[in-house]
Amino acid sequence: MKYKTGSLPARYCGTLCAAILVTLFGICIAALPAREAVAARNDPSGSASPAASEPWTDAQTVKPADLVKEIADTKDANKPVIVCSGFRVLYAGAHVPGAVFHGPGSKPEGLDDLKKWAQGVPRSSNVVVYCGCCPFEKCPNVRPAFETLRSMGFQRLRVLMLPNNFAKDWVGQGYPVEKGK
């Protein structure tokens, strides 16, 4: 086959584009620790840490194993109201039993839906918010959902801690799930 000078066969163009995208993604990922280091240097208090920047306290978190026990042991009046603030496709695939879907928390429509739903929920309710779409520190959904509910006056609001994602930290541990909806 003859090609014009400077041209590449079509099959190589796709491979080249993929290689460029993978390289750019790698550069972006590699820059994340540097960004955190700069933030730590620019924090005069010296308290910059992932935990320091969260909108909740340690007391406002719950581990998966503890939530499973709480769901099983709690009487109806104190049973946790569980809110999935993630993406619908993930909720449909599997979610915490009894969880309601109001998300994604990263989208204005998701937060509007969450606010509308929350209007009818007593502010003293035992509410647990979770997402589980990705590693917790990078989750775009759970923080806006938590902050929205907190600003609405929920007094017993917590976050389900899923360090990796819902699949690994809940489903992979053999905890119960519901599917669909």
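Between Gly103, Gly110, Gly86, the distinction of being at pLDDT below 90, touching a Gly at 6+ places or on another chain (Cβ under 7 Å) and under 16 Å from Phe146 (Cβ atoms) belongs to Gly103 only. Take the conditions among the hydroxyl-bearing types (Ser, Thr, Tyr) and touching a residue at least 60 places away in the same chain (Cβ under 8 Å) and apply them to Tyr130. Does it pass? No: the conditions fail for Tyr130.
Just so you know, in region 125-155 the residues that are within 17 Å of Lys69 (Cβ to Cβ) and not aromatic (Phe, Trp, Tyr) include one that is surrounded by the fewest Cβ atoms within 10 Å (Cβ to Cβ), and it is Asn126.
The set of residues in region 84-101 that are part of a helix (DSSP H, G or I) and under 13 Å from the mean Cα position of the chain (by Cα) comprises Arg88, Leu90, Tyr91. Residues of region 32-58 that are surrounded by fewer than 12 Cβ atoms within 10 Å (Cβ to Cβ) and at pLDDT 90 or above: Thr57, Asp58. Here Pro104 meets the list (1) buried (at least 23 other Cβ atoms within 10 Å of the Cβ); (2) assigned to a helix (DSSP H, G or I); (3) in contact with a Pro (Cβ under 8 Å, 6 or more places away or on another chain) almost entirely, failing just condition (2). Restricting Thr61, Thr74 to those that are modelled with pLDDT of 95 or more, surrounded by fewer than 21 Cβ atoms within 10 Å (Cβ to Cβ) and among the hydroxyl-bearing types (Ser, Thr, Tyr) reduces the list to Thr61. Quick check: is even one residue across region 140-156 part of a loop (DSSP other than H, G, I, E, B), more than 12 Å from the chain's Cα centre (by Cα), touching a residue at least 12 places away in the same chain (Cβ under 8 Å) and over 25 Å from Ser53 (Cβ atoms)? Looking for residues that are part of a loop (DSSP other than H, G, I, E, B), more than 12 Å from the chain's Cα centre (by Cα), touching a residue at least 12 places away in the same chain (Cβ under 8 Å) and over 25 Å from Ser53 (Cβ atoms), one finds none in region 140-156, hence no.
Tell me yes or no: at least one residue of region 108-118 is part of a loop (DSSP other than H, G, I, E, B) and either assigned by TED's automatic domain parsing to the domain that holds Val68 or among the acidic types (Asp, Glu) (or both). Within region 108-118 (the criterion being part of a loop (DSSP other than H, G, I, E, B) and either assigned by TED's automatic domain parsing to the domain that holds Val68 or among the acidic types (Asp, Glu) (or both)), the answer is no, since none of the residues qualifies. Taking the criterion of being touching a residue at least 60 places away in the same chain (Cβ under 8 Å) and not aromatic (Phe, Trp, Tyr), the residues of region 168-181 that qualify are Asp169, Val171, Gln173, Pro176, Val177, Glu178, Lys179, Gly180, Lys181.
The values are calculated or read from the model by the stated rules, or taken from the named source; none is laboratory data. Nothing here was measured: the structure is a model prediction, and the numbers come from that model. Using ideal geometry, Cβ is built from the backbone for each residue, glycine included, and neighbour counts are taken over all protein chains shown.
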